[in-house]
Amino acid sequence: MVLVVLEWHVISNTMESSVKPFILAALLAGLLLTASCGSDSSASANVVARVNGKDITTSQLDKQFQARLNGAEQPPSTEEQQDLKLQVLNQLINDQIMLEQANAAGLNATDAEVDVKFNEFKSQYTEEKFKELLNAQKMSVDDIRGELRKSITIDKLVNKEITSKISVTDAEIKAFYDKNKESFNLPESFHIAHILVTPVADPELHNAKNDDATSPEEARAKAARLLKEVQSGRDFAVVAKESSEDPSSGPNGGDLNFQPLQAIENIDPRLAQAVQKMRTGETFPQVIETRYGFHIVKLLEKDAGGQKDLTDPRVQAQVRQVIFNRKDQTLKNAFSEAARNKATVVNYLAQRILETAGKTQ
């Protein structure tokens, strides 16, 4: 069970959100693409799209599609499968266009860079769990390395063409703050960290020690052992990275950032009661049991709340990040669309879905 917490942040109405495209939008996109490329209107059944003359095959799409479905509670309907396949294929098309641009700019990932990322990825698992992951995802080591190579290459292109060119000025920060000043009138909050031990096995767990309790008895004993380690002087963050079963906070040393008391109470009233009793820098002397499992909690800082001024470094950092993210997303969308405008793309999957519409139940 993943512990869900609310980070200290600007209220959500200051952030834009994106809406996943519905199947109609995806189909229309496919129509537009094929209409612009009528001279390349046929392909064998194992080709789902063609990008600048390079085929994307059914097997490539199915592998990515199955990875998306992995862990789904219920099998999707036919329409949901088509919708998801169109979305996955659209990403594969965009990735291929970006990879070609990166290749032209000499930004391909090196073998050494892939080795580093692969070793970092694999180190999160035992050999047995790594093999289980490959089997579950129906992927080979070469497939994993291929995906990492693609990701590194695209990241290089994005960093060169977009991220490195983004700047946020003090004037922009002040303008945003002035417009959203009321969003920074905050309640009292507590900067806490925790180590979570869950009472069930988690096949996706990858803390540094691959240490996973599989029953309530094991979880209770593990939490008691970890609390003793912290109390004996071991660094809280190190123990969290090694053994916490919260995938969200564990890699960050258990850091849950600043939380208003109400958010902590929503997780569990016992956590809120414990936090209120603690002094800054103190670890609560007992393991706290909630519906998520067993928690070891440390209070890092307190904040009295109230109206936060722009002179507060956290406010400046938060505003800067919001503005940066907005610019980054806008530029990425524009860059992707501009690159796609220059490409020759045919989406055969979209054509086939339209051609078979109404012919089968």
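Which of the peptides 258-266, 199-207 is most tightly packed, and how do the rest follow, judged by the mean count of other Cβ atoms within 10 Å per residue?
Values: 258-266: 18.2, 199-207: 16.1.
Top of the packing list down: 258-266, 199-207.
Quick one: pull the percent of accessible area on the chain belonging to carbon and sulfur, 1.4 Å probe, ligands and nucleic acids left out.
Numbers: 10460 of 20160 Å².
Of all accessible area on the chain, carbon and sulfur atoms account for 52 percent.
Please calculate how many Å² of accessible area the chain carries per residue, with a 1.4 Å probe and no DNA, RNA or ligand atoms counted. Please list the in-between numbers first.
Values: 20160 Å² over 361 residues.
I get 56 Å² per residue for the chain.
For the stretch 165-171, what does the Karplus curve 6.51 cos²θ - 1.76 cosθ + 1.60, with θ = phi - 60°, yield as ³J(HN,Hα) per residue in whole Hz, taken in order and with x for Gly and Pro?
Once θ is set to phi - 60°, the couplings for the stretch 165-171 become 9, 7, 10, 10, 8, 4, 5 Hz.
Across the stretch 82-92, in residue order, what do the Karplus-derived ³J(HN,Hα) couplings come to in whole Hz, using 6.51 cos²θ - 1.76 cosθ + 1.60 with θ = phi - 60° and x for Gly and Pro?
Each residue's phi maps through the Karplus curve to give 4, 4, 5, 5, 5, 5, 5, 5, 4, 5, 4 Hz.
Starting at the first residue of the stretch 111-124, write each ³J(HN,Hα) from the Karplus equation 6.51 cos²θ - 1.76 cosθ + 1.60 with θ = phi - 60°, in whole Hz, x for Gly and Pro.
So the J values, rounded to whole Hz, are 4, 5, 5, 5, 4, 4, 5, 5, 5, 4, 5, 5, 5, 7.
For an R0 of 41 angstrom, estimate the FRET efficiency from the Cβ-Cβ distance between Phe335 and Asp170 and round to the nearest 0.05.
Values: r = 26 Å, r/R0 = 0.64.
Calculated transfer efficiency: 0.95.
Quick one: net charge around Thr290, please, counting Lys, Arg +1 and Asp, Glu -1 for every other residue with C-beta under 9 Å from its C-beta. Before the final figure, lay out the partial values.
Numbers: positive: Arg270, Arg291; negative: Asp268, Glu289.
Combined, the nearby Lys, Arg, Asp and Glu give 0.
Of all trypsin sites (Lys or Arg not before Pro) in the stretch 93-177, which ones are in loop regions per DSSP and have a Cβ with at most 12 other Cβ atoms within 10 Å?
Details: sites: Lys117, Lys122, Lys129, Lys131, Lys138, Arg145, Arg149, Lys150, Lys156, Lys160, Lys165, Lys174; in loops: Lys138.
For trypsin sites (Lys or Arg not before Pro) across the stretch 93-177 that sit outside H, G, I, E and B with at most 12 neighbouring Cβ atoms in 10 Å, the list reads Lys138.
Taking the alpha-carbon centroid of each part, what is the distance from the stretch 182-244 to the stretch 45-92 in angstrom?
Between the Cα centres of the stretch 182-244 and the stretch 45-92 lies a distance of 37 Å.
Any idea what the dipole of the stretch 131-288 comes to, in debye rounded to 20, about its Cα centre with Lys/Arg Cβ at +1 and Asp/Glu Cβ at -1? Intermediate values should be presented prior to the final figure.
Numbers: 21 positive and 26 negative charges, 66 e Å.
Result for the stretch 131-288 is approximately 320 debye, rounded to the nearest 20.
Pairwise over distinct Cα atoms, reciprocal of the mean inverse distance: report the Kirkwood radius of the stretch 183-279 in Å, one decimal place. Present the calculation step by step, with values, prior to reporting the outcome.
On the way: mean 1/r = 0.0701 Å⁻¹.
That comes to 14.3 Å for the stretch 183-279.
Using 20 Å as the cut-off for backbone N distance, which residues of the stretch 47-63 belong to the label zone defined by a point 7 Å from the Cα of Thr344 along Cα→Cβ?
47-57
With +1 on the Cβ of every Lys and Arg and -1 on the Cβ of every Asp and Glu, and nothing else charged, how large is the dipole of the stretch 196-321 about its Cα centre, in debye rounded to the nearest 20? Write out the running numbers ahead of the final one.
Numbers: 16 positive and 20 negative charges, 80 e Å.
It works out to roughly 380 debye.
Mind running the shape call on the stretch 100-199? Use the C-alpha gyration tensor, a ≥ b ≥ c as the square roots of the eigenvalues: rounded below 1.5 for a/c, prolate if a/b tops b/c, oblate otherwise. Before the final figure, lay out each step's value.
Working: a/c = 3.69, a/b = 1.34, b/c = 2.76.
Oblate is the answer for the stretch 100-199, as a/c is 1.5 or above yet b/c matches or exceeds a/b.
If one puts a single equal scatterer on every Cα of the stretch 320-361 and applies the Debye formula without solvent, what log₁₀ I(q)/I(0) results at q = 0.17, 0.25, 0.34 Å⁻¹?
So the normalised log intensities work out to -0.66, -0.83, -1.02.
I need the shape label for the chain. Rule: rounded when a/c is under 1.5, else prolate if a/b > b/c, else oblate, with a, b, c from the alpha carbon gyration tensor.
On the way: a/c = 2.10, a/b = 1.53, b/c = 1.38.
Taking the square roots of the gyration eigenvalues as a ≥ b ≥ c, the chain is prolate.
Is the shape of the stretch 275-361 rounded, prolate or oblate, going by the alpha carbon gyration tensor and its root eigenvalues a ≥ b ≥ c, with a/c under 1.5 for rounded and a/b larger than b/c for prolate?
Numbers: a/c = 4.72, a/b = 1.86, b/c = 2.53.
Because a/c hits 1.5 or more and a/b fails to exceed b/c, the stretch 275-361 counts as oblate.
Tell me the trypsin sites (Lys or Arg not before Pro) within the stretch 260-361 that lie in a loop according to DSSP and have at most 13 other beta-carbon atoms within 10 Å.
Details: sites: Arg270, Lys277, Arg279, Arg291, Lys298, Lys302, Lys308, Arg314, Arg320, Arg326, Lys327, Lys332, Arg340, Lys342, Arg352, Lys359; in loops: Arg279, Arg291, Lys308, Lys359.
Listed in order of number, the matching sites are Arg279, Arg291, Lys359.
The values are calculated or read from the model by the stated rules, or taken from the named source; none is laboratory data. Remember, predicted model here, so these are calculated numbers, not experimental data. In this analysis, Cβ positions are derived from the backbone assuming ideal geometry, glycine residues included, and neighbour counts consider all displayed protein chains. To get the accessible areas, we keep the full protein, side chains included, count just its heavy atoms, and leave off ligands, DNA and RNA. Shrake-Rupley method; radii C 1.70, N 1.55, O 1.52, S 1.80 Å.
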